[in-house]
Amino acid sequence: MNIDLIKQKAGIIGESDAISQVLEMVAQVANVDISVLINGESGTGKELVSKALHLGSKRASSELVIVNCGAIPEGIIESELFGHKKGAYTDAADSRKGYFETANKGTIFLDEIGDMPLETQVKVLRVLESGEFMRVGDSVTKKTDVRVIAATNKDLAKLVQEGKFRQDLYYRLKTVTINIPPLRKRANDIRLLVDRFALQFSRTNDIKYKGFTPESIKEMQDYHWPGNVRELRNFVESILILQKGERITADMVANQLIGDKIEPMENNTSLPVVVNRDPDQAERELILRQLLFLRQDIEDLKLMMKESSFSELNSSRSINQSFGSAIQDNEIFDENENLIKGKMIGAFNTKDLEKEMIIRTLEHFNNNRRAAAKSLDMSERTLYRKINDYGIEKKIKKDS
Ligand SMILES: Nc1ncnc2c1ncn2[C@@H]1O[C@H](COP(=O)(O)OP(=O)(O)OP(=O)(O)O)[C@@H](O)[C@H]1O
Ligand SMILES: [Mg+2]
């Protein structure tokens, strides 16, 4: 399949040499029934490239099954991948197909393969070599015809050295490796990406769009984008909302990029101070800081309720005005107002704080759990567990 068709089918944007090399490689190997390892920092487009490989193969009319190995609890990963037999666990009331069976005739994308437990890696190697596997609790060998695409943002060679990744599986996977360069190494694609993201976003959300000045694009090209294309997409969307239909200038971009790096608050020495963090980290600190403010406010509120009559509490606006001195920033002000309205009754403990922090981080990252987990400085597994424990799932709209 030619490169233009692949780009169009998978929705890959870019004309830089760096992305062209990736696409050439995709075009060469898509239709060869061989496993592929995709390497790249978070948000560089690994999943997109896996889609391109699938769509460019003979398997395109069958399923592409995407498995995030880092997010599945170790205890159930084998049953998820290979299925289980009725009675394999106390709660296994029925037999169940695993992803390798579902992907039969199609492709399986093993994302974050570096997080796969060693025992599971042996079984994946077996499927790769012979197509054979067994459901958990079963003694019958089954066969599947699956093409494996794996991805990682970790250095697998290093994991092998550390004994955390099997060497045999590593050699098997790495024969065809596609390295996706970070966005900062293909800065001349930024204009095209911004255009596409802005058009898509303004159309779906019915927002006015007057474009970006050439200088604003230059400003973006000079930034290092640690979160790569995903970060750029979020950035474009938020600047369009914040600037309410204005043409986007270099100053607006520069200000927002600085805003993402949060300056320390001078008269609040008790609060965490942030300097030169990456945006994910900075976002996390911002959320934390807002929650700390909130906790302070609630403490103050309790005091005030004890001391004064309830008439002072008629509107949350008056509450905020009473605490105007503690609140420096419009955004924080608004956030507090909402939170106070919703949470005024009852104790506000660390669990509530954590839950709120998770919800907001997930929302910020468009429900991308990997990015959220990274930003919250917890493993994806832990994040999944907490999402379940706190019953957060239903509150957050699904990624589109
Ligand atoms: N070249 C590109 N053209 C258009 N969109 C892109 C491109 N690269 C990435 N994106 C978009 O950026 C976002 C992140 O891409 P993707 O999920 O493929 O990254 P990833 O490498 O799998 O990230 P992670 O390691 O965090 O899982 C997606 O919304 C994707 O559509
Ligand atoms: Mg991904």
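The values are calculated or read from the model by the stated rules, or taken from the named source; none is laboratory data. Being a predicted model, the structure only gives us computed values, none of them experimental. Note that we place each Cβ from the backbone using ideal geometry, even for glycine, and neighbour counts take in every protein chain shown.
Within region 131-152, being among the hydrophobic types (A, V, I, L, M, F, W, C) and out of contact with any helix residue (DSSP H, G or I) (no Cβ under 9 Å at 6 or more places or on another chain) holds for one residue alone: VAL140. Considered as a group, the residues in region 108-124 that are over 22 Å from SER42 (Cβ atoms) and among the hydrophobic types (A, V, I, L, M, F, W, C) include one that is nearest to ligand 1 (Cβ to nearest atom), and that residue is VAL124. Checked across region 73-81, the condition of being within 11 Å of ligand 1 (Cβ to nearest atom) and in contact (Cβ under 8 Å) with a residue 60 or more places away in the chain holds for no residue. Strands (runs of 3 or more DSSP E) fully within region 104-147 that include at least 2 residues being in contact (Cβ under 8 Å) with a residue 40 or more places away in the chain and assigned by TED's automatic domain parsing to the domain that holds ALA71: 107-111, 132-134. Can you spot a residue in region 127-138 that is within 16 Å of ligand 2 (Cβ to nearest atom) and at pLDDT 95 or above? No, region 127-138 has no match at all. For region 364-378, filtering for residues that are surrounded by fewer than 19 Cβ atoms within 10 Å (Cβ to Cβ) and away from ligand 2 (no atom under 16 Å from the Cβ) leaves 2. Could we say that ILE207 is within 14 Å of ligand 1 (Cβ to nearest atom) and either assigned by TED's automatic domain parsing to the domain that holds GLY70 or β-branched (Val, Ile, Thr) (or both) here? Spelling it out, it is not the case that ILE207 is within 14 Å of ligand 1 (Cβ to nearest atom) and either assigned by TED's automatic domain parsing to the domain that holds GLY70 or β-branched (Val, Ile, Thr) (or both).
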